[in-house]
Amino acid sequence: MARVSVVASSVGIALVALAGGYTTADAYDLVPGPITNEAPLGAPEPFPDFEAPAVLAPSTVPVTSLDSTAPLPSSSEIQSLANALNGDSRIGGGSSVGLRVVDIETGQVLADVKSDTPQIPASNMKVLTGAAAEYTLPLDRRFTTSVTWSGEPDGERARLTLVAGGDMLLTPDYGHRGTVASPNGYAGVANLADRIVAGLEGIGVTAVDIVVDDSAFGGPTIPSTWDWDDVNEAYGAPTSGLAINVGIVPDRPDDDPQCYRDPSIRVGDVLASRLEQRGLRVDSVTKGEAGADDITLASVESAPLGDVLNYMIWYSQNTLAEFFLKLVAIEAGRPSTTAEGAAQVRSILSAKGLDLDGVVIADGSGLSRSDRIPPRVLTDLIVLLARDPDHDSFLEQLPIAALRGTLYDRFRSTEGAGVVRGKTGSLGGVTALSGTVVTADGRWLAYSILADGLPWGQTKPRAAIDEFLTQVAACGC
């Protein structure tokens with residue numbers, strides 16, 4: 001059976017503090033909720049911007065063979081720990097927790113607390129969306145952002161069409177093209193402008209009109225079940241298939257919208273600026289579609305899709321999760337809508353043998369409070385992925401306790417550091433964590449902990465969850 005290695009050494013990830021409010025930080029699972037009944041905690045912790053980090057993936061060092069002959073933990077001991085967590089006043093005192101712990105090798109259930117009860121998963125929904133993408137999309141695919149035209153100028157004018165190809169991580173300047181190991185900023189609008197100018201050289205074009213075509217990613221760009229407040233935040237940008245830095249507005253005041261309402265037009269405006277810097281006059285930027293006989297004048301390519309998927313999981317990026325929901329629908333030849341994407345996720349995972357009883361998929365990211373997942377489904381999916389040598393690498397990309405992603409500031413100086421992997425989740429009154437943990441004896445376990453109906457605030461329920469998983473990690477039982 002294929003294995004996921006366990007990180008043993010620290011990872012130097014440069015996490016850039018993104019200017020923004022307490023609400024935004026909470027949506028990235030990195031600070032307590034925007035409304036809290038807890039004592040003031042001072043300034044919130046910084047959280048990752050979507051500028052390219054210094055590295056995309058850490059070096060992983062196996063610290064255990066994860067041998068199937070390693071002692072299996074006592075189910076009574078793990079259940080006792082689970083019961084204590086369920087009764088912990090910090091996480092609802094038995095009223096809101098659903099939990100399951102499973103041995104990956106044998107499938108034996110080691111602990112269960114209402115694991116068949118559907119609960120609000122928050123960003124744990126991204127595990128379902130990401131797994132569906134992992135199973136069905138070519139992870140080496142690159143998204144092409146292109147500019148087309150008729151091939152003939154109209155006197156000194158040309159109509160250029162900027163065609164969305166799926167890259168929502170463009171940079172306004174020159175792309176790094178892999179010199180930085182992150183998909184964000186891999187391709188640049190400045191590169192596109194250079195190629196346009198080169199392609200028009202010598203034919204007398206001095207002015208252009210830019211038409212932006214994102215019709216390939218049509219349908220509603222915002223899930224209908226999102227709260228309106230979320231739509232104005234950086235974590236709720238529209239999914240148009242064409243954006244700079246996931247549609248986030250740079251250097252915005254806290255009281256201004258934090259993402260562009262039309263990220264595609266924003267790219268068109270930036271392209272216009274770059275062309276004008278190179279001597280072309282741009283008279284208009286409008287929405288439209290490419291001509292049937294248009295030819296490609298210039299193009300740039302994104303990082304591989306697999307890197308973008310990893311990035312979405314690492315940073316719990318909602319807009320990219322919604323984009324992947326659309327992609328699985330498009331890949332199946334279906335319209336690029338939330339409903340079609342949700343239907344495809346169900347179809348893909350059901351075909352893999354996953355029992356989705358109780359699951360409600362209202363979006364791809366978990367920002368919707370209409371989503372429901374029983375913890376059993378998440379552990380079943382994690383076991384399914386772990387046992388599949390073609391797809392177990394998906395689990396490698398989960399955040400790692402005390403080291404990377406949305407767990408980088410949790411489990412510090414505990415037995416859980418480096419051996420707990422998990423997808424975080426937080427909404428007001430909801431705390432979640434699902435992933436894998438390796439015990440002190442080297443046994444590889446899947447777990448899912450979902451808690452909803454909590455008081456607002458994340459500090460106390462997270463502390464309770466972290467203590468539970470630290471005890472499981474330390475278990476030589």
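The values are calculated or read from the model by the stated rules, or taken from the named source; none is laboratory data. Bear in mind that the values here come from a model prediction, so they are computed numbers and not experimental data. Don't worry about glycine lacking a Cβ; one is built from the backbone with ideal geometry, like all the others, and counts go over all protein chains shown.
Evaluate the following for Ser59: is it surrounded by fewer than 15 Cβ atoms within 10 Å (Cβ to Cβ), at pLDDT below 95 and either of a type outside the set (A, V, I, L, M) or within 27 Å of Ala402 (Cα to Cα) (or both)?
Values: surrounded by fewer than 15 Cβ atoms within 10 Å (Cβ to Cβ): yes; at pLDDT below 95: yes; either of a type outside the set (A, V, I, L, M) or within 27 Å of Ala402 (Cα to Cα) (or both): yes.
The answer is yes for Ser59.
Return the total of residues in segment 92-143 being β-branched (Val, Ile, Thr), out of contact with any Gly (no Cβ under 7 Å at 6 or more places or on another chain) and either assigned to a loop (DSSP other than H, G, I, E, B) or not assigned by TED's automatic domain parsing to the domain that holds Arg421 (or both). Step through it out loud before you land on a result.
Initial filter on segment 92-143 (β-branched (Val, Ile, Thr)): 97, 101-102, 104, 106, 109, 113, 117, 120, 127, 129, 136.
Pick out the ones that are also out of contact with any Gly (no Cβ under 7 Å at 6 or more places or on another chain) and you get 97, 101-102, 104, 106, 109, 120, 127, 136.
With either assigned to a loop (DSSP other than H, G, I, E, B) or not assigned by TED's automatic domain parsing to the domain that holds Arg421 (or both) added as a condition, the list becomes 104, 106, 120, 127, 136.
Going through segment 92-143 one residue at a time, the tally reaches 5.
Residue by residue through segment 439-465, note down the ones that are without any contact (Cβ under 8 Å) to a residue 60 or more places away in the chain and over 21 Å from the mean Cα position of the chain (by Cα). Outline the logic, then answer.
Filtering segment 439-465 down to residues without any contact (Cβ under 8 Å) to a residue 60 or more places away in the chain leaves 440, 462.
If the condition is that a residue be without any contact (Cβ under 8 Å) to a residue 60 or more places away in the chain and over 21 Å from the mean Cα position of the chain (by Cα), then Ala440 is the only one that fits.
If we scan segment 69-91, do we find a residue that is farther than 20 Å from Gly435 by Cβ, touching a strand residue (DSSP E or B) at 6+ places or on another chain (Cβ under 9 Å) and modelled with pLDDT under 90?
No: zero hits.
Condition first: of a type in the set (A, V, I, L, M) and surrounded by fewer than 24 Cβ atoms within 10 Å (Cβ to Cβ). Now tell me which residues in segment 439-452 satisfy that.
Let us first name the residues in segment 439-452 that are of a type in the set (A, V, I, L, M), namely 440, 445-446, 449-451.
The one that is of a type in the set (A, V, I, L, M) and surrounded by fewer than 24 Cβ atoms within 10 Å (Cβ to Cβ): Ala440.
With Ala440, Ala417, Ala432 as the choices, which residue is over 16 Å from Val101 (Cβ atoms) and small (Gly, Ala, Ser)?
Details: Ala440 fails: over 16 Å from Val101 (Cβ atoms); Ala432 fails: over 16 Å from Val101 (Cβ atoms).
Exactly one residue qualifies, and that residue is Ala417.
Which of (1) out of contact with any His (no Cβ under 8 Å at 6 or more places or on another chain); (2) surrounded by 21 or more Cβ atoms within 10 Å (Cβ to Cβ) does Gly155 not meet, given it meets every other one?
Exception for Gly155: condition (2).
Given Ala362, Ala386, Ala351, which one is modelled with pLDDT of 95 or more, under 19 Å from the mean Cα position of the chain (by Cα) and of a type in the set (A, V, I, L, M, F, W, C)? Spell out how you get there, then give the answer.
Working: Ala386 fails: under 19 Å from the mean Cα position of the chain (by Cα); Ala351 fails: under 19 Å from the mean Cα position of the chain (by Cα).
The conditions single out Ala362.
State which residue pairs qualify: first residue assigned to a loop (DSSP other than H, G, I, E, B) and among the charged types (D, E, K, R) and inside segment 325-348, second residue surrounded by fewer than 22 Cβ atoms within 10 Å (Cβ to Cβ) and at pLDDT 95 or above in any location, beta carbons under 9 Å apart, and separation of 6 or more residues or different chains.
Note: pairs meeting the criteria are Arg334/Glu340; Arg334/Ala343.
Quick one: would you say Asp380 is assigned by TED's automatic domain parsing to the domain that holds Asp112 and outside any helix (DSSP H, G or I)? If you could, list the steps in order and put the result at the bottom.
Details: assigned by TED's automatic domain parsing to the domain that holds Asp112: yes; outside any helix (DSSP H, G or I): no.
Taking the combined requirement at face value, the residue does not satisfy it.
Can you pull out every residue in segment 453-475 that is part of a loop (DSSP other than H, G, I, E, B) and either surrounded by fewer than 21 Cβ atoms within 10 Å (Cβ to Cβ) or at pLDDT 95 or above (or both)?
Initially, segment 453-475 is screened for residues part of a loop (DSSP other than H, G, I, E, B), giving 453-458, 474-475.
Matches in segment 453-475: Gly453, Pro455, Trp456, Ala474.
Can we say Thr286 is surrounded by fewer than 19 Cβ atoms within 10 Å (Cβ to Cβ), closer than 27 Å to Arg177 by Cα and hydroxyl-bearing (Ser, Thr, Tyr)? Please lay out each step first, then the result.
Details: surrounded by fewer than 19 Cβ atoms within 10 Å (Cβ to Cβ): yes; closer than 27 Å to Arg177 by Cα: no; hydroxyl-bearing (Ser, Thr, Tyr): yes.
Judged against the criteria, Thr286 is not a match.
Out of all the residues in segment 366-377, which are among the β-branched types (Val, Ile, Thr) and part of a helix (DSSP H, G or I)?
Start the filter on segment 366-377 by keeping residues that are among the β-branched types (Val, Ile, Thr), which leaves 373, 377.
Passing the criteria: only Val377.
In this structure, is Gly247 closer than 18 Å to Ser336 by Cβ, at pLDDT 90 or above, surrounded by 23 or more Cβ atoms within 10 Å (Cβ to Cβ) and touching a strand residue (DSSP E or B) at 6+ places or on another chain (Cβ under 6 Å)?
Values: closer than 18 Å to Ser336 by Cβ: yes; at pLDDT 90 or above: yes; surrounded by 23 or more Cβ atoms within 10 Å (Cβ to Cβ): yes; touching a strand residue (DSSP E or B) at 6+ places or on another chain (Cβ under 6 Å): yes.
So Gly247 passes the test.
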